[in-house]
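Colleague: Below is the structure I would like to discuss, written out as structure tokens.
Bear in mind these aren't lab numbers, they're just calculated from the coordinates by the rules spelled out. Quick caveat, the model's predicted, so the values are computed rather than measured. Cβ placement follows ideal geometry from the backbone for every residue including glycine, while neighbour counts extend to all protein chains displayed.
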Amino acid sequence: MSQKFIDPEEQQYLDIEFLPGSSWAPLSEPVPGGSIHRLRMKSGSIIPPHTHPADEYVVLVSGELVTGGRRCTAGTFWVTPANTRQGPHEAITDVELITVRLGPMGEFESVD
């Protein structure tokens, strides 16, 4: 077994149709249904409140985001335990996150 590298130019961002203004680049599946991915949100875009049935770890790589009633800047790290309601996540500027989720995606509420 050897290390696996994915250079930035090989990381393809895919639009998330049900989350306008958001796209992601899946990097790895650490556990079945889980995900390590980069997420980009355009300024003004919103990810509605939701839960994941697994723990989630996030670091804000760039930009400014409001989540959980808190304004976060680049370098902020947070952990959301499984089945904990989170969000909405609102991009104040263009942002990029790296997320590690140790299980399935879960359900999102309506943006309305």
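Colleague: Select from segment 38-57 the residues that are among the aliphatic types (A, V, I, L, M) and outside any strand (DSSP E or B) and list them in ascending order. Spell out the reasoning first.
Modeller: Just the residues of segment 38-57 that are among the aliphatic types (A, V, I, L, M), to begin with: 39, 41, 46-47, 54.
Hit for segment 38-57 is 54, nothing else.
Colleague: So which residues in segment 1-37 are in a loop (DSSP other than H, G, I, E, B) and under 15 Å from residue 105 (Cα atoms)?
Modeller: 16, 17, 18, 19, 29, 30, 31, 32, 33, 34
Colleague: Being surrounded by 11 or more Cβ atoms within 10 Å (Cβ to Cβ) and hydroxyl-bearing (Ser, Thr, Tyr) is the filter; apply it to segment 2-33 and report the residue that is farthest from residue 55 (Cα to Cα).
Modeller: That would be 13.
Colleague: So residue 71 passes all but one of these: (1) in a strand (DSSP E or B); (2) touching a residue at least 60 places away in the same chain (Cβ under 8 Å); (3) more than 13 Å from the chain's Cα centre (by Cα). Which condition number does it fail?
Modeller: The failed condition is (2).
Colleague: Right, here's the next one. Find all pairs meeting these conditions: Cβ atoms under 6 angstrom apart; at least six residues apart or on different chains; first residue within segment 29-43 and touching a residue at least 40 places away in the same chain (Cβ under 8 Å) and over 18 Å from residue 90 (Cα atoms); second residue in a loop (DSSP other than H, G, I, E, B) and not β-branched (Val, Ile, Thr).
Modeller: Cβ pairs passing all conditions: 31/102; 33/103; 33/104; 34/102; 34/103; 36/30.
Colleague: Only residues that are aliphatic (A, V, I, L, M), under 10 Å from residue 65 (Cβ atoms) and not in a loop (DSSP other than H, G, I, E, B): list them for segment 78-110, please.
Modeller: 91, 95, 97
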